[in-house]
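**Q** Following this message is one structure expressed as structure tokens.
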Amino acid sequence: MVRRVASFTNHGVALLCVAALGCAVPASAAAADPALPAKLVPEGATPYLRTHAVGTQNYVCVATGSGLAWRFAGPQATLFVTVVGFEQQVTTHFLSPNPEEASLARATWQGSFDSSRVWAKAAQVVDDPAIIGAGNIPWLLLQRAGGSRGPTGGSLLSQATWIQRIHTVGGVAPATGCTESIHAGALALVPYSTDYVFFH
């Protein structure tokens, strides 16, 4: 059951609330965003955790058939929820091997309190600048590709079936710095922020 957090009067209680998962998101914050493109809204699923993420989209300069180019190497971000006006970390985001796909590297989210995980793959992409804005990475609907409960049975993230990446800012591969042989192997950590919404 989702409980409203307005009645909590101190950060300690708020953190216990998030850790227990019962009130990680107020009911009003979990409602689906009616302004989103329809393709990003999973049919029959319910949003249960809305977060704001800050981190980097990481790229490596590699040789291609036509020269050198930046190739996406994975995300690195921290996800937060706001509880009683306090920004609390709830999840980390990175690339890791998915045990349900023979260790195929997938985008991963791991709960900061219970260590539960979900791996996901892009199912829908919105990259129209008129919607996402110029210079921002695409909005995504990601589908669960694997999951694991935490060591004590926690399931904050392992219960997720879909994840939205929306309201992105930044994160696009650099336009320079990967044109000469001396650049091969260079790593670019490009700042970005976004909202991740988890559904079950």
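**Q** Quick check, is residue 196 in contact with a Leu (Cβ under 7 Å, 6 or more places away or on another chain), within 18 Å of residue 77 (Cβ to Cβ), of a type outside the set (A, V, I, L, M, F, W, C) and in a strand (DSSP E or B)?
**A** Values: in contact with a Leu (Cβ under 7 Å, 6 or more places away or on another chain): yes; within 18 Å of residue 77 (Cβ to Cβ): yes; of a type outside the set (A, V, I, L, M, F, W, C): yes; in a strand (DSSP E or B): yes.
Yes, satisfied.
**Q** Going by the conditions given, is residue 74 more than 19 Å from residue 155 (Cβ to Cβ), at pLDDT 95 or above and assigned to a loop (DSSP other than H, G, I, E, B)? Walk me through it before giving the result.
**A** Values: more than 19 Å from residue 155 (Cβ to Cβ): yes; at pLDDT 95 or above: yes; assigned to a loop (DSSP other than H, G, I, E, B): no.
No; evaluated as a whole, the condition is false for this residue.
**Q** Determine, yes or no, whether residue 40 is modelled with pLDDT of 90 or more, open to solvent by less than 30 Å² (accessible area, probe 1.4 Å), aliphatic (A, V, I, L, M) and closer than 17 Å to residue 157 by Cα.
**A** Against the criterion (modelled with pLDDT of 90 or more, open to solvent by less than 30 Å² (accessible area, probe 1.4 Å), aliphatic (A, V, I, L, M) and closer than 17 Å to residue 157 by Cα), residue 40 does not qualify.
**Q** Cβ contacts < 7 Å: first residue within 13 Å of residue 164 (Cβ to Cβ), restricted to the stretch 125-136; second residue among the hydroxyl-bearing types (Ser, Thr, Tyr), any location; separation 6+ or different chain. Result?
**A** 132/168
**Q** Here is a further query. For residue 152, state whether it is open to solvent by 70 Å² or more (accessible area, probe 1.4 Å), farther than 24 Å from residue 89 by Cα and over 18 Å from the mean Cα position of the chain (by Cα).
**A** On the way: open to solvent by 70 Å² or more (accessible area, probe 1.4 Å): yes; farther than 24 Å from residue 89 by Cα: no; over 18 Å from the mean Cα position of the chain (by Cα): yes.
No, not satisfied.
Each row is one residue, and each column tells you yes or no for (1) within 17 Å of residue 58 (Cβ to Cβ); (2) modelled with pLDDT of 95 or more; (3) out of contact with any Lys or Arg (no Cβ under 6 Å at 6 or more places or on another chain); (4) hydroxyl-bearing (Ser, Thr, Tyr).
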{"position": "115", "(1), (2), (3), (4)": "no, yes, yes, yes"}
{"position": "133", "(1), (2), (3), (4)": "no, yes, yes, no"}
{"position": "149", "(1), (2), (3), (4)": "no, yes, yes, no"}
{"position": "158", "(1), (2), (3), (4)": "no, yes, no, yes"}
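**Q** Given the options 155, 148, name the one that is among the polar types (S, T, N, Q), in contact (Cβ under 8 Å) with a residue 40 or more places away in the chain, in contact with a strand residue (DSSP E or B) (Cβ under 6 Å, 6 or more places away or on another chain) and at negative phi. Walk me through it before giving the result.
**A** Working: 155 fails: in contact with a strand residue (DSSP E or B) (Cβ under 6 Å, 6 or more places away or on another chain).
Checking each option against the conditions leaves just 148.
**Q** Count, please, the residues in the stretch 153-193 that happen to be assigned to a strand (DSSP E or B), among the polar types (S, T, N, Q) and in contact with a Phe, Trp or Tyr (Cβ under 9 Å, 6 or more places away or on another chain).
**A** Result for the stretch 153-193: 2.
**Q** Output the residue which, of all residues in the stretch 113-134 that are under 20 Å from residue 99 (Cβ atoms) and out of contact with any strand residue (DSSP E or B) (no Cβ under 7 Å at 6 or more places or on another chain), is least open to solvent (accessible area, probe 1.4 Å). Full working, then the answer.
**A** To start, the set of residues in the stretch 113-134 that are under 20 Å from residue 99 (Cβ atoms) comprises 114-122.
Narrowing further to those that are out of contact with any strand residue (DSSP E or B) (no Cβ under 7 Å at 6 or more places or on another chain): 114-115.
Working: 114: 18, 115: 47 Å².
It comes out as 114.
**Q** Restricting to the stretch 43-83, name every residue that is open to solvent by 60 Å² or more (accessible area, probe 1.4 Å) and on the phi > 0 side of the Ramachandran plot.
**A** Correct list: 44 only.
**Q** Let me spell it out: the conditions are (1) open to solvent by 70 Å² or more (accessible area, probe 1.4 Å); (2) touching a Leu at 6+ places or on another chain (Cβ under 7 Å), and residue 187 meets all of them except one. Which number is the exception?
**A** Of (1) open to solvent by 70 Å² or more (accessible area, probe 1.4 Å); (2) touching a Leu at 6+ places or on another chain (Cβ under 7 Å), only one is false for residue 187: (2).
**Q** Something else now. Would you check if there is a residue in the stretch 118-133 being at positive phi, part of a loop (DSSP other than H, G, I, E, B) and not charged (D, E, K, R)? Reasoning before the result, please.
**A** Just the residues of the stretch 118-133 that are at positive phi, to begin with: 133.
From what is left, the residues that are part of a loop (DSSP other than H, G, I, E, B) are 133.
Filter once more, keeping what is not charged (D, E, K, R): 133.
Yes, the stretch 118-133 contains a residue that is at positive phi, part of a loop (DSSP other than H, G, I, E, B) and not charged (D, E, K, R).
**Q** How do the pairs read when you match residues in the stretch 84-100 that are farther than 24 Å from residue 144 by Cα with residues anywhere that are modelled with pLDDT of 95 or more, using Cβ under 6 Å and keeping only pairs 6 or more apart or on different chains?
**A** Matching pairs, first to second residue: 87/80; 88/81.
The values are calculated or read from the model by the stated rules, or taken from the named source; none is laboratory data. On a predicted model such as this, the values are computed, not experimentally measured, just so you know. As a convention, Cβ positions derive from the backbone with ideal geometry for all residues, glycine included, and neighbour counts pool all protein chains shown. In case anyone asks, the SASA skips ligands and DNA or RNA and just uses the protein heavy atoms, side chains included. Shrake-Rupley method; radii C 1.70, N 1.55, O 1.52, S 1.80 Å.
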